[in-house]
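The values are calculated or read from the model by the stated rules, or taken from the named source; none is laboratory data. Computed from a predicted structure; not experimentally measured. Please note: Cβ atoms are built from the backbone with ideal geometry, for glycine as well, and neighbour counts cover all protein chains shown.
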Amino acid sequence: MTDPRTASWTLRCDGGSRGNPGPGALGFVLTDPAGREVDARGEALGVVTNNVAEYRALIAGLESASRHQAEPLTVCMDSELVVRQMTGEYRVKHAGLKPLHAEARRAAAKLATVRFVAVR
């Protein structure tokens with residue numbers, strides 16, 4: 001049984017492109033504290049860079065989490081860059097990523113508790 005005091009929703013998201021830039025896509029899966037899938041999506045993005053695809057996946061997933069009031073939330077991503085930028089460990093230097101980072105921060109701010117984890 002899941003302890004409701006420590007239970008966390010989980011958002012697993014990923015984005016990628018064939019070539020950099022190239023045809024890209026995003027995907028995410030949102031699960032509740034019991035591990036049940038609540039929402040999932042995959043979407044083609046057109047020609048994007050890998051980092052843009054990663055941010056777009058994060059934003060889509062955070063918007064879903066907000067709609068489902070998924071708190072607290074643990075976000076798992078394989079993009080160390082995006083995770084570290086979201087935690088403030090890295091600055092966002094690339095001009096093309098700054099608006100996406102800002103949008104992701106706004107989406108995360110709609111939730112009281114969000115933790116970012118880099119996974120392999």
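Taken together, the criteria exclude VAL52 from residues that are surrounded by 14 or more Cβ atoms within 10 Å (Cβ to Cβ), farther than 14 Å from VAL117 by Cβ and more than 13 Å from the chain's Cα centre (by Cα).
Checking each residue of the stretch 54-70 against the condition of being more than 22 Å from HIS94 (Cβ to Cβ) and among the aromatic types (Phe, Trp, Tyr) gives no match. Scanning the stretch 19-39 for residues that are under 16 Å from the mean Cα position of the chain (by Cα) and among the small types (Gly, Ala, Ser), we see that the one that is nearest to ASP78 (Cα to Cα) is GLY27. Against the test of being touching a Lys or Arg at 6+ places or on another chain (Cβ under 8 Å) and surrounded by fewer than 17 Cβ atoms within 10 Å (Cβ to Cβ), the options PRO23, PRO72 yield a single qualifying residue, PRO72. Within the stretch 77-91, the set of residues being over 11 Å from the mean Cα position of the chain (by Cα) and buried (at least 19 other Cβ atoms within 10 Å of the Cβ) comprises just one member, GLN85. Here VAL29 clears all of (1) at pLDDT 95 or above; (2) surrounded by fewer than 18 Cβ atoms within 10 Å (Cβ to Cβ) except the condition numbered (2). In the stretch 46-58, the residues that are farther than 10 Å from ASN20 by Cβ and among the charged types (D, E, K, R) form Cβ pairs under 7 Å with partners that are modelled with pLDDT of 95 or more and part of a strand (DSSP E or B), at six or more places apart or across chains, as follows: GLU54/GLY15; GLU54/MET77; ARG56/GLY15; ARG56/LEU26; ARG56/LEU45. Looking across the stretch 92-120 at every residue that is touching a residue at least 24 places away in the same chain (Cβ under 8 Å) and among the charged types (D, E, K, R), the one that is surrounded by the most Cβ atoms within 10 Å (Cβ to Cβ) is identified as GLU103.
Which one of GLY16, GLY96, GLY42 is over 12 Å from the mean Cα position of the chain (by Cα), outside any helix (DSSP H, G or I), farther than 20 Å from VAL119 by Cα and of a type outside the set (S, T, N, Q)?
Numbers: GLY16 fails: farther than 20 Å from VAL119 by Cα; GLY42 fails: farther than 20 Å from VAL119 by Cα.
Of the residues listed, the single one that is over 12 Å from the mean Cα position of the chain (by Cα), outside any helix (DSSP H, G or I), farther than 20 Å from VAL119 by Cα and of a type outside the set (S, T, N, Q) is GLY96.
Yes or no: ALA7 in contact (Cβ under 8 Å) with a residue 12 or more places away in the chain, over 19 Å from PHE116 (Cβ atoms) and surrounded by fewer than 20 Cβ atoms within 10 Å (Cβ to Cβ)? Spell out how you get there, then give the answer.
Working: in contact (Cβ under 8 Å) with a residue 12 or more places away in the chain: yes; over 19 Å from PHE116 (Cβ atoms): no; surrounded by fewer than 20 Cβ atoms within 10 Å (Cβ to Cβ): yes.
Answer is no for this residue.
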